[in-house]
Every structure is written in C-alpha cells, then in structure tokens.
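To start, the structure under review is shown below, and the notes come after it.
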Amino acid sequence: MRWLVLVLLFSCATPKDKNSIGTVDFSSNNPQIEINSDERLDSSGESLSATEEKVPIIELNLYPSIYQSLAVVKLLKDLERKKIKVSVINSTGFGLIISLLYAKNKNTSYLEWKLFELTKKLGALEAYSEEWIQIVNEFVKEEFENKKLNHLASLVGYFKNEVKSIKVESDGKITTAVKESINLKSDQVVFSKLSPSMVNSSNSAVDFRLSVLFLPKNPKFKSLRALNWGVYTSYLGRMLQEKDEITIFEKEKSEYLDEISPINRIQQGYEDQIDTFVKDLAEKIDIWQKEIKEN
C-alpha cells in the first residue's frame, strides 16, 4: 500500500470570488463561440435577441483525481437544478470519460447510468493498467463510434501536452482523444506537467470559467504501479501548489483515489462545498444578467 501525504495549506477550499478561473485554448481550426453586437449565443449555440434574458456561456475545467472525479456528477446535477448550463467542458484521463458522457446529451441520469456500467466493468482492476485501458477504450468506441469532440451536445476539450505548455484540444475523434489521455506511459503524457499555469490562455466568448478538483485531505492510492504513481502524485502536488488558481473541493475523510465506490458515497464530504459553490455561481450569474440588461 502506498500512501500519498499531501499537506494542504488551507483548511477548507471555497469558490473563488471571481468569474474567470482556469483557461481555455481554441485553435483557429476549431469551433468558435462568437458574439457580435446584435445577437448573443446562448449555451446551446442558439441566438438570443437583445430583449431576451442572456444565458451565460460557461466553461468547466475538470482536473481529474481518478475515481474521486465522480463527485462532479453532484456538481452537474446541482447546476441542472439551477438551470445553469455548461457549454464547454475540458478534462483528461478518467475525467475526460466523465466529461464526454455528460456532453453527449447533457443528461445527468444518463451520465450516472453509463458510469455505473463502466465502473462495473472496471471493477477492482488497477487504474491505468493495460487491461483497464483496454476496457475503457472499448467502452468509448462502442459509446461514441466515430464521433468527433465537436459533435456532442456540449463542446468538449482535452488537455494535450505541447512543448512548453498544455493546450485544450477540441477537435478530432473522441476515441483518439481518450487513448491519448489515459496512456500514462507515453512520453507526451499530459499529467507530466499539467497544472493551471501551464494551460494556454486564449480570448474567447466564455462568460464564466470554472476549474475544479475533488480531493480528500489525505489522498492515497491502493494499487497504482510505481511509474503511474509517480506521474500522478507529481501532478497532484503541482495542483496543490497552484490551489489559488482553482476551486478544490476538499474531503476530510482519507480515501483511495483509485478505488471504485458508488457515486453517492464518493460525493459524501463534498456536498456542502458543492452547494455553496453553485449558490455563489447562481448569484454571480444573476448579477451578470442584470448588468447586461442595464447596459
């Protein structure tokens, strides 16, 4: 058993008191969400007249923590209840699988069912092992076939390693994106330098950028092999060093990041922080909409 001891320099992670958290980079060949002076796109890409209430374009950057990332289902459910739509969702690794399943039709019930199906297949397999990777790739191929990242109900991007930075790639086949994201042995593995400061920033039409990470106060690994363990612990260490750039939902209870549990059990300990986060976001959106009307 390997223990990962990460000392958090804060007692409780709280949402940032600002709209822009995290970054996104869309290349010139990728789909753009554009706004002009006469009309504005809502989160589904449809135009709104100047007399209608504006719907913000929201980007969610999910920084993964293997199966603890399943707690994002609670966040997405709460956003749905508040009628807050996520337009863009970016992630990598197992977080990318969650993002894709949600973006397919923006339905959290479907997301939960498919995650149950996948995690049942993965069982007690070592995360990121060859057999684990094979099952994930087969599942993704069956689920999405030859679809591309920009063919879903929400735009999906994945963190991609470049020479001096991390790019958010939102073009190309879904199966290819997943294969790149879950191969920790690759020389180009994104986890080797992934952190908020390494992600390329770009001007875009996104109104609210939200970057989140779900992490127990004392995270540990149950069966991750030495190489994968080193890559992943280094990544988490960088995330903690840049905790001011993201919202870290922190669980008091010590848990294995690479152990599958039911979603409702994983989200226990994060609920209150998620509730506060969504409430604060709803208030910011309300203020933003009022300012839009006044102007």
Practice problem: Sort through Leu227, Leu215 and tell me the only one that's of a type in the set (A, V, I, L, M) and touching an Asp or Glu at 6+ places or on another chain (Cβ under 9 Å). | Solution: Leu215
Practice problem: Would you check which residues across the stretch 117-136 are without any contact (Cβ under 8 Å) to a residue 60 or more places away in the chain and within 19 Å of the chain's Cα centre (by Cα) and list them? | Solution: Leu118, Val136
Quiz prompt | Filter result (surrounded by fewer than 24 Cβ atoms within 10 Å (Cβ to Cβ) and farther than 24 Å from Glu283 by Cβ) within the stretch 53-81 | solution = Ile66, Tyr67
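Step by step: first the residues of the stretch 193-207, then only those that are within 26 Å of Gly237 (Cβ to Cβ) and modelled with pLDDT of 90 or more, then the one that is surrounded by the fewest Cβ atoms within 10 Å (Cβ to Cβ). Which residue is that?
Taking the stretch 193-207 as the starting set, the residues that turn out to be within 26 Å of Gly237 (Cβ to Cβ) are 193-201.
Applying the additional criterion that residues be modelled with pLDDT of 90 or more yields 193-198.
Values: Lys193: 16, Leu194: 22, Ser195: 19, Pro196: 22, Ser197: 13, Met198: 18.
Selected residue: Ser197.
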Quiz item: Restricting attention to the stretch 98-113, does a residue exist that is at negative phi, modelled with pLDDT under 95 and among the aliphatic types (A, V, I, L, M)?
Solution: no
Practice problem: Look at the stretch 262-276 and say how many of its residues are hydrophobic (A, V, I, L, M, F, W, C) and buried (at least 21 other Cβ atoms within 10 Å of the Cβ). | Solution: 2
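Residues of the stretch 209-234 being of a type in the set (Gly, Ala, Ser) and either touching a Phe, Trp or Tyr at 6+ places or on another chain (Cβ under 6 Å) or surrounded by 18 or more Cβ atoms within 10 Å (Cβ to Cβ) (or both), which ones?
Initial filter on the stretch 209-234 (of a type in the set (Gly, Ala, Ser)): 211, 223, 226, 230, 234.
The answer is Ser211, and nothing else.
Can you tell me how many residues in the stretch 261-283 are closer than 15 Å to Lys77 by Cα and touching a residue at least 24 places away in the same chain (Cβ under 8 Å)? Full working, then the answer.
Of all residues in the stretch 261-283, those closer than 15 Å to Lys77 by Cα come to 263-264, 266-268, 270-279, 281-282.
Still in the running and touching a residue at least 24 places away in the same chain (Cβ under 8 Å): 263, 266-267, 270-271, 273-278, 281-282.
Adding up the residues that qualify gives 13.
If I go through the stretch 235-256 residue by residue, how many of them are outside any helix (DSSP H, G or I), under 25 Å from Ala124 (Cβ atoms) and open to solvent by less than 60 Å² (accessible area, probe 1.4 Å)? Reasoning before the result, please.
Restricting attention to the stretch 235-256, the residues satisfying the condition of being outside any helix (DSSP H, G or I) are 242, 246-256.
Still in the running and under 25 Å from Ala124 (Cβ atoms): 251, 253-256.
Those still in the list that are open to solvent by less than 60 Å² (accessible area, probe 1.4 Å) too: 251, 254-256.
Here the count works out to 4.
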Quiz prompt | Number of the condition not met by Glu259 [criteria: (1) crowded, with 21+ Cβ neighbours inside 10 Å; (2) of a type outside the set (Gly, Ala, Ser); (3) at pLDDT 95 or above] | solution = (1)
Quiz prompt | From Lys243, Lys164, residue being free of Cβ contacts under 8 Å to residues at least 24 places away in the same chain and either over 18 Å from the mean Cα position of the chain (by Cα) or within 18 Å of Ser69 (Cβ to Cβ) (or both) | solution = Lys164
Self-check item: Breaking point among (1) open to solvent by less than 20 Å² (accessible area, probe 1.4 Å); (2) farther than 24 Å from Glu138 by Cα, for Phe159
Solution: (2)
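The values are calculated or read from the model by the stated rules, or taken from the named source; none is laboratory data. Bear in mind that the values here come from a model prediction, so they are computed numbers and not experimental data. Cβ atoms come from the backbone with ideal geometry, glycine included; neighbour counts cover every protein chain shown. In case anyone asks, the SASA skips ligands and DNA or RNA and just uses the protein heavy atoms, side chains included. Shrake-Rupley method; radii C 1.70, N 1.55, O 1.52, S 1.80 Å.
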